[in-house]
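In what follows, a single structure is set out as structure tokens and then discussed.
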Amino acid sequence: MPDTTVLQHATLIDGTGAVPVDDATIVIMNGRIEAAGPAGSVAIPEGVTVRDLTGAHVIPGLMDANIHLVSARTPDTLLEYEGRYDQLAHEAAELALKYGLTTVFDTWGPAASLVAARDAINAGERIGSRFFCAGNIIGLDGPMSQDFFKTGLTFEPATIKRINDHWEYGCGTRLVQLTIDQIGEAIADYIDATGVDFIKYAASDHRTEGFLLFSEQAQRRIVEVCHEKGRLVQAHTTTVESLRMEVEAGADLLQHPDQTGETPIPEKLMAEIVEKQLPCMALMVTEDYLGWLDGARPDYGRSRRTAQQNQRAFIEQGARVLLTTDAFAYGQRVKNHAGFRPGILEDTVPDMPTQIGRGHFLWIKAAWELGLAPMEILRSATAYIAEAYGKEDHYGTVTPGKIADLVILDADPLAAPENYGRIREVIKDGVAVDRDALGADRLLADDPGEYRPR
């Protein structure tokens, strides 16, 4: 007999945009949604487990379009956990699942370690958020480089190269010296060698200067090769010009397109993004966080205020925005490291947005503050992400045939953003998750705890 569970008497918000069903019945069979709809319209098989969820709200499993599961960011942690980066990915995936993220997309990290962790979770050997990964950002060097953490002369070159090679796979900054055809060949080799799910390349640098890395012709070739290999492609952009080049190159998704320094997105480019309905992974942050930045880091605050202006334009003009946090499973060793983003990751920072297990709730709060409609917020955190990454046949909505990924809440998420944090239960692949067991044995990360607004 099929493994079947029936959920009754909850309010169902299925992620399609349909009006919530106040007294719903959901049939889960062999890990998928067999049926979902108003009580009385859904047949309940005999001899199955039936659960009464009176007073609860059921939504699709939440997603994050831009996350990073390997949280070793400093030289000491990179060296200590060398050979165990997959364990850090498992740790972060557990914490993500604990707080309702059933599917996430890792857009920067060591490909081999991430693929190993991905496959272990998919095989049922480990428990955690389902995830898809890109590995390294094409065109950037590894974590012990000028692109991420400047190590100076502290370490011997062989050590730095060994760590960075685990990220780069021959696709670091050396690519900018190659011909267009050679760039294409390198990326094809990278995809074949790593087995990553999608590609992210650097249209601009990661050193705060905003220099362009690849020519327009090179970016078009990158996109062509990715599509030939059956991979979706996105770019790291930090300026208006790098964003324009990414759009014209034909990228499938726009990674943090709201981040354009202190220059807002021009009307013409904004109109093109909206017209094409290009998915925009916007890094929305709360007013409390922005207010803190204005005082503590006014230089960074100015660029974030420009990003907020772009975000408002996305919302007002009807762009497709996706929940994205750029979060890591940070722990105290990284948060308080004097050489790594000092002062902006500490626990005293109000609504610090880049902590796995907490950042997605803060994104929802920020989107609410910016005026994104409540139903659109829910879809931006579920169905729209699945569609953007080509996973809509399996995930993103509570509809027949989809994988049974659900979050059961004790309050209505359409009534207030903080209600997303009132998690009663998480179901992944049709199975209720033991949330108390997740993140119990941690290596490096902090568990942020249940979300309760300040």
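The values are calculated or read from the model by the stated rules, or taken from the named source; none is laboratory data. Note that the structure is predicted; figures quoted are calculated from it, not measured. Cβ placement follows ideal geometry from the backbone for every residue including glycine, while neighbour counts extend to all protein chains displayed.
List of remarks:
- When each of PHE132, PHE105 is tested for being modelled with pLDDT of 95 or more, surrounded by fewer than 24 Cβ atoms within 10 Å (Cβ to Cβ), in contact with a strand residue (DSSP E or B) (Cβ under 9 Å, 6 or more places away or on another chain) and not acidic (Asp, Glu), the lone residue that passes is PHE132.
- Exactly one residue out of ALA373, ALA381 is closer than 16 Å to ALA18 by Cβ and among the small types (Gly, Ala, Ser), and it is ALA373.
One line per residue, one yes/no per condition, for (1) in contact with a Cys (Cβ under 6 Å, 6 or more places away or on another chain); (2) assigned by TED's automatic domain parsing to the domain that holds GLY142; (3) among the hydroxyl-bearing types (Ser, Thr, Tyr); (4) under 30 Å from ARG302 (Cα atoms):
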residue: TRP167; (1), (2), (3), (4): no, yes, no, no
residue: GLY170; (1), (2), (3), (4): no, yes, no, no
residue: ARG174; (1), (2), (3), (4): no, yes, no, no
residue: GLN177; (1), (2), (3), (4): no, yes, no, no
residue: LYS200; (1), (2), (3), (4): no, yes, no, yes
residue: ASP205; (1), (2), (3), (4): no, yes, no, yes
residue: THR208; (1), (2), (3), (4): no, yes, yes, yes
residue: GLU216; (1), (2), (3), (4): no, yes, no, yes
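- Scanning the range 317-345 for residues that are out of contact with any strand residue (DSSP E or B) (no Cβ under 8 Å at 6 or more places or on another chain) and among the charged types (D, E, K, R) yields ARG333, LYS335, ARG341.
- The set of residues in the range 351-405 being among the hydrophobic types (A, V, I, L, M, F, W, C) and over 21 Å from ASP106 (Cβ atoms) consists of ALA366, ALA367, TRP368, LEU370, LEU372, ALA373, MET375, ILE377, LEU378, VAL398, ALA404.
- Search result, residues across the range 251-294 that are crowded, with 18+ Cβ neighbours inside 10 Å and among the hydroxyl-bearing types (Ser, Thr, Tyr): THR260, THR286, TYR289
- Flag for THR159 being in the same structural domain as GLY139 (by TED's automatic domain parsing), surrounded by fewer than 20 Cβ atoms within 10 Å (Cβ to Cβ), in contact (Cβ under 8 Å) with a residue 40 or more places away in the chain and β-branched (Val, Ile, Thr): yes
- Residues (part of a helix (DSSP H, G or I), under 27 Å from the mean Cα position of the chain (by Cα) and among the acidic types (Asp, Glu)) located in the range 145-193: ASP165, GLU168, ASP189, ASP192
- From the list ASP14, ASP23, ASP64, the lone residue that is out of contact with any Leu (no Cβ under 8 Å at 6 or more places or on another chain) and buried (at least 23 other Cβ atoms within 10 Å of the Cβ) is ASP14.
- Within the range 333-349, the set of residues being touching a residue at least 24 places away in the same chain (Cβ under 8 Å), over 22 Å from the mean Cα position of the chain (by Cα) and at negative phi comprises ARG333, HIS337, GLY339.
- Residues satisfying the criterion are absent from the range 431-445 (criterion: on the phi > 0 side of the Ramachandran plot and surrounded by fewer than 17 Cβ atoms within 10 Å (Cβ to Cβ)).
- Qualifying residue in the range 303-316 (condition: in contact with a strand residue (DSSP E or B) (Cβ under 6 Å, 6 or more places away or on another chain) and within 24 Å of ILE385 (Cβ to Cβ)): yes
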